[in-house]
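The next block holds one structure in the form of structure tokens; read it before the comments.
The values are calculated or read from the model by the stated rules, or taken from the named source; none is laboratory data. Everything quoted here is computed from the prediction, not taken from an experiment. All Cβ positions, glycine included, derive from the backbone under ideal geometry; neighbour counts span all protein chains shown.
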Amino acid sequence: MTKIIDGKKVSADIKEEIKIEIEKITESGQRAPGLAVIIVGENPASKVYVNSKAKTCNALGMYSEKHVLDAEITEEELLKLIEGLNNKEKIDGILVQLPLPKHIDEDKIIEAIKPEKDVDGFHPINLGKLVIGKNGFKSCTPYGIMELLERYEIDLNGKDVVVVGRSNIVGKPLGIMLTKANATVTICHSRTKNLSEKTLNADIVIVAIGREKFLTEDMVKKGAVVIDVGINRDASGKLCGDVDYENVSKKTSLITPVPGGVGPMTIAMLMKNTVKSRMEKI
Ligand code: GUN
């Protein structure tokens, strides 16, 4: 029987730990950590994420600012806002919700955020630090996956892990984190040949490609651990992951559901990064 990895429960535990840390900060007379979230345009999914981030900040006793910008805003105006937040004392973290409208260069925006406030861990400085094992901000979704694996005591030492997806936000940083944790990592992607051959050999399969029910039962070995990073909507509008959960879960030892798996962890790790940023100034 498979066991479900309950990301909702783990994220609630982490948020509770963070709340206590924040209380300690404020009880000692210091200001609470502050996070600024920026959203450009009307992407409905982005709106949900950003609202949820701001709401979580408030629930944990953090200061938060939400900047809602028109889709037509110029790159220059957005850069100006970031510059202001970079210099604002009570802001410890800046998050620009992606994707941005086409006329804005995402790389330029990410690079404009001060690395010390880049709680998303997307800045090249933080990604570079991750690669060489230096202390920086870790990208929240892969960081959340590592935390889930740790809290469920999933041994990574010498294990074969296949990551399907090579994005800068998930696949690439996750590959580095897993390697540091002594796993043997294979990163697969849309051009990978004989993908099933690779996933069938894996002790752990992590899928982050954004394709509904992409990982099927015949691609997974019995007893494997499966982590689903996908957030898609099926034909009836229901939320579903990149994994055919109903059938794959018959073979796994542990599996994350969608919703309630990796998703809630991303916000918890964002809060953790914001507190880390604050603590570095105390
Ligand atoms: N868009 C989808 N996921 C994320 C995330 O983790 N951070 C930001 N900034 N944008 C996103």
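Beta carbons closer than 9 Å, at least 6 apart along the sequence or on distinct chains, never pair a first residue in region 151-166 that is assigned to a loop (DSSP other than H, G, I, E, B) with a second that is surrounded by 18 or more Cβ atoms within 10 Å (Cβ to Cβ) and at pLDDT below 95.
Here Glu111 fulfils each of the conditions (1) touching a helix residue (DSSP H, G or I) at 6+ places or on another chain (Cβ under 7 Å); (2) of a type in the set (Asp, Glu); (3) away from the ligand (no atom under 16 Å from the Cβ) apart from (3).
The residues of region 88-112 that are over 15 Å from Val40 (Cα atoms), among the aliphatic types (A, V, I, L, M) and out of contact with any strand residue (DSSP E or B) (no Cβ under 8 Å at 6 or more places or on another chain) amount to a single one, Ala112.
Let's see how each residue does on (1) touching a residue at least 12 places away in the same chain (Cβ under 8 Å); (2) closer than 22 Å to Asn273 by Cα; (3) within 16 Å of the ligand (Cβ to nearest atom):
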residue	(1), (2), (3)
Glu76	no, no, no
Leu81	yes, yes, yes
Gly93	yes, yes, yes
Asp107	no, yes, yes
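Pairs linking a residue in region 19-39 that is among the acidic types (Asp, Glu) to a residue that is modelled with pLDDT of 95 or more, with Cβ atoms under 7 Å and 6 or more positions apart or on different chains, are Glu21/Val275; Glu23/Gly61. Among the conditions (1) β-branched (Val, Ile, Thr); (2) closer than 29 Å to Gly7 by Cα; (3) within 11 Å of the ligand (Cβ to nearest atom), the only one that Thr56 does not satisfy is (3).
Of the helices (runs of 4 or more DSSP H) entirely within region 180-282, those holding at least 1 residues that are within 17 Å of Asp6 (Cβ to Cβ) occupy 245-248, 263-279. Residue by residue through region 150-166, note down the ones that are surrounded by 23 or more Cβ atoms within 10 Å (Cβ to Cβ) and closer than 14 Å to Ile14 by Cα. Within region 150-166, none qualify. Annotation note: Cβ proximity below 9 Å between a residue of region 40-52 that is closer than 16 Å to Thr141 by Cβ and within 11 Å of the ligand (Cβ to nearest atom) and a residue that is of a type in the set (S, T, N, Q) and part of a helix (DSSP H, G or I) (sequence gap 6+ or interchain) occurs for Tyr49/Thr266.
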